[in-house]
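What follows is a set of notes on a single structure, which appears directly below.
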């Protein structure tokens, strides 16, 4: 791609607002039938009772679900502002401030995706369930793609995309209005199969190196003749390798760095005893933060602080898959994780009173898909002023949370609750700690 194409993508990006457990035993919230946006497996937490499903072990951590839920809320909020038209009435300074907060959503999703690969799927792999892990990854990949297809259908029915474009998007040769990260996860879960196998055979450090190595090839991407932006195939290649610029807001090739960083954080959350685990987590998160800060500072030295911040806040870095986007994004994601881990202490139990507020993170795939599908049906002629749009956008995440809780209560819980008492998952039992 030439400089003109990069500048065109940058101008387009600047106009768009988006690109987009408890340590003590206690009442464990039901997770039957729920799938996390990062691909984590929630149902069937390896109970020993007869007739129950057997799944991979999962240990729910309060601040992890809170971080994922906050990322869902931030994504839905910025999508709401765009849908209601309020975003386009904001001055540039206001847009920059909003983006400074909401831009943490996607990097947080991807980092937590890597953490769940390590904490859930890798743990199942080392316990001898290789075939089961592969099956679950394939199932989660299909679940994410079905959710993506739902957003494609909603964008067509809501008049946001044409029928022909919707058909192309369903084949990964187009995009949906807001659900493209779901397509990203469908492919990332497939790629996780060989990645986890390599992790098992070679260890974590070589896996981190494998995730960072693709950045060495980034400098040669523009020398390859990629499909032109007018081609439907450009949507697929852009999602895979970030080229041509402007066709995808997130790239599998570039995002491997965030995924392996997330795996490192996941390792720290499952390392050793409870006391040592949190020490290792804070140490690991601090190292990740400092590494991201070093790269971000290098970007600011090279481009100048003003240009670097403008590139991140206007989405110019994201549109071109610039290293600055991943550095600043990782800074925000790590800050969010550390902050929530301090606000929600490690010993805070995953109680029944706290569980409803964590439902966006616990059922993030359903919540994210539902919220964005509803936004697609908002009439395009209903444009809201800034103040009204900000208020309406702030109400969207709580509305989605209420629907998720209603589904929890009415469709998923009653039958098991009447049949047998709730069982505390092994990961939450005292002898496991």
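Once you have the Cα-Cα distance between residue 223 and residue 352, take 0.36 nm times their residue separation minus that, and quote the gain in nm to one decimal.
40.9 nm
Which peptide among 120-128, 213-221, 68-76, 316-324 comes first, and what is the full order, when sorted by highest mean count of other Cβ atoms within 10 Å?
Per-residue mean Cβ counts within 10 Å order the peptides as 68-76, 316-324, 120-128, 213-221.
Assign one of three labels to segment 85-170, namely rounded, prolate or oblate, based on the Cα gyration tensor with a ≥ b ≥ c the square roots of its eigenvalues; rounded applies when a/c is under 1.5, prolate when it is not and a/b is larger than b/c, and oblate otherwise.
In terms of gyration-tensor shape, oblate.
Mean projection of the alpha-carbon convex hull of segment 141-262 over all orientations, in nm²?
7.8 nm²
Return the distance in nm (one decimal) between the two label points of a simple spin-label model at residue 200 and residue 135, each offset 7 Å from Cα along Cα→Cβ.
1.4 nm
Sorted by packing (mean other beta-carbon atoms within 10 Å per residue), highest first, where do 222-230, 98-106 land?
Result, highest mean Cβ count within 10 Å first: 98-106, 222-230.
Please sort 353-360, 291-298, 79-86 by packing, taking for each peptide the average over its residues of neighbouring beta carbons within 10 angstrom, highest first.
Packing order, densest peptide first, comes out as 79-86, 353-360, 291-298.
Taking the C-alpha atoms of segment 163-212, how large are the radius of gyration and the largest Cα-Cα span, Dmax, in Å?
Calculated on Cα positions, Rg and Dmax stand at 15.5, 47 Å.
Read-outs: derived from the displayed coordinates by stated rules, not from any lab. No experiment lies behind these values; they were computed from the predicted model shown. When we count neighbours, we look across all protein chains shown, and the Cβ atoms used for this are built from the backbone with ideal geometry, even at glycine.
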